[in-house]
Amino acid sequence: MTTSPAERHSTPVDGVTVLGALSPSRAGDFMTCPLLYRYRTVDRLAEEPSADALRGTLVHKVLEDLFDLPAADRTPLSARDMLGPRYEWLREQDEQLDALFGDDEQAREAWLASCHTSLASYFELEDPTRLEPAEREVYVEALLDSKLLLRGFIDRLDIAPNGMVRVVDYKSGKAPGEMFEAKALFQMKFYALVLWRTRGIIPAVLQLIYLGSGDILRYSPDEADLIATERKIEAVWKAINQAQLAGDWRPRRSRLCDWCSYQAHCPEFGGELLPLPPDPALQQEIAEILDAQAHQ
C-alpha cells in the first residue's frame, strides 16, 4: 500500500493518541462525493492518468524552483528553459506521464505547449523578480483539541517586513465562478487554520493564482473564519467516521463526475460497487459497539 506525501512527512505526536488525519484534498473529496473519498483513501484505487493533474505538477515544480534563481534571472525565458529538465524529473517520479501519451508524440508536444502557456500566464500575474518567498512547498500540520491531525503542503508563504503573512497557491486550471469560490477557498482557510494553530498568526491574505484563466482570487480571513473552518473540518471528519462505521459511502453526482476515474464502479453510472476491503480494527470496533448496545 502506497503512502501519501503528507504521510511520509508527518511527524509523531508524542504522548497524544491521534484520532485520525485529514488534508484539505481528502476533506474536499469527501465533501464532493463520499464514494470518491472511499475509493481514493480507503481502497486506494489507481486512477487514470490525468493530463491536467500532471500539468499542474510540472508547472508547480518549475514555479517552485524558479525562486532558487537570483531575482534578476527569474524571467519567462528561464522558466521556459527549466521546463525540459523538470519534465524529465516528472517522468522519473510518475510513470503515468509516459502512460498518458504512449507513442503519440504529437499529443505530448501539445501537452508541453500547454505547460508553456501556463507558465507564460504566471508572469502576467506576478513579477517574481520582486518577490522573495519565505517558504516554498512547505509541509504543515496541526493537532486540534479533538486530536484530529490536520496536514498538507502550502505552495508558497510570503512574509512582509512587518510580519504579515500571505499564503499562495497555484492552480493550473481556470478560476471558479462566484458560486464555487467558497469551495476553492476552503483549502486556503484550512492552511490558514493550521498556521494559526501552530504559529499563532492569522495570514493577512490567502491568494489563489489561476494560470488557466489568468485570474487571482484573494481573501483576508479573520479569527471567526478560522473557527468556522475548524468546526466544518470537525463535522467532515465526524461524517467520514460515520460512513466508515456504517460502510455507507454514498455517491454524490455533480459536474465533477466528468473527470472521475471510478465511474465503472459507481452506481450513478450503472457501475457496481466494489466490496469494501477488510479492516480488522474497524470490524473489532463495530463488534464492541454492537455488544455494548446489546447490553444496554
Q: Take the residues in region 24-81 that are in contact (Cβ under 8 Å) with a residue 24 or more places away in the chain and of a type in the set (Lys, Arg), then tell me which one is farthest from Asp258 (Cα to Cα).
A: Arg74
Q | Enumeration of residues in region 77-98 that are surrounded by 14 or more Cβ atoms within 10 Å (Cβ to Cβ) and either part of a loop (DSSP other than H, G, I, E, B) or more than 26 Å from the chain's Cα centre (by Cα) (or both) | A | Ser78, Asp94
Q: Looking only at region 133-179, count how many residues are under 24 Å from Ile240 (Cα atoms) and either without any contact (Cβ under 8 Å) to a residue 24 or more places away in the chain or out of contact with any helix residue (DSSP H, G or I) (no Cβ under 9 Å at 6 or more places or on another chain) (or both).
A: 3
Q | Filter result (free of Cβ contacts under 8 Å to residues at least 12 places away in the same chain and surrounded by 15 or more Cβ atoms within 10 Å (Cβ to Cβ)) within region 99-116 | A | Phe101, Arg108
Q.
So Pro203 ticks every box in (1) within 16 Å of Ala27 (Cβ to Cβ); (2) without any contact (Cβ under 8 Å) to a residue 40 or more places away in the chain but one. Which box is left unticked?
A. (1)
Q. Looking at Ala21, is it of a type in the set (A, V, I, L, M, F, W, C), at pLDDT 90 or above and not in a helix (DSSP H, G or I)?
A. yes
(Q) Regarding region 39-54, can at least one residue be identified that is in a loop (DSSP other than H, G, I, E, B), of a type outside the set (Asp, Glu), touching a Phe, Trp or Tyr at 6+ places or on another chain (Cβ under 6 Å) and surrounded by fewer than 18 Cβ atoms within 10 Å (Cβ to Cβ)? (A) yes
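Out of Pro203, Pro251, which single residue is assigned to a loop (DSSP other than H, G, I, E, B), surrounded by 15 or more Cβ atoms within 10 Å (Cβ to Cβ), touching a strand residue (DSSP E or B) at 6+ places or on another chain (Cβ under 8 Å) and modelled with pLDDT of 95 or more?
Pro203
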Q: May I ask you to verify whether Phe190 is out of contact with any His (no Cβ under 7 Å at 6 or more places or on another chain), at pLDDT below 95, over 21 Å from Ala79 (Cβ atoms) and in a helix (DSSP H, G or I)?
A: no
Q | Index of the failed condition, Leu276 passing every other in (1) of a type in the set (A, V, I, L, M, F, W, C); (2) exposed (fewer than 15 other Cβ atoms within 10 Å of the Cβ); (3) modelled with pLDDT of 90 or more | A | (3)
Q: Tell me, please, whether a residue that is touching a Gly at 6+ places or on another chain (Cβ under 9 Å), in a loop (DSSP other than H, G, I, E, B) and at pLDDT below 95 can be found in region 279-287.
A: no
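The values are calculated or read from the model by the stated rules, or taken from the named source; none is laboratory data. Note that this is a predicted model, so its numbers are computed, not measured. Positions of Cβ are generated from backbone atoms using ideal geometry, with glycine treated the same way; all protein chains shown enter the neighbour counts.
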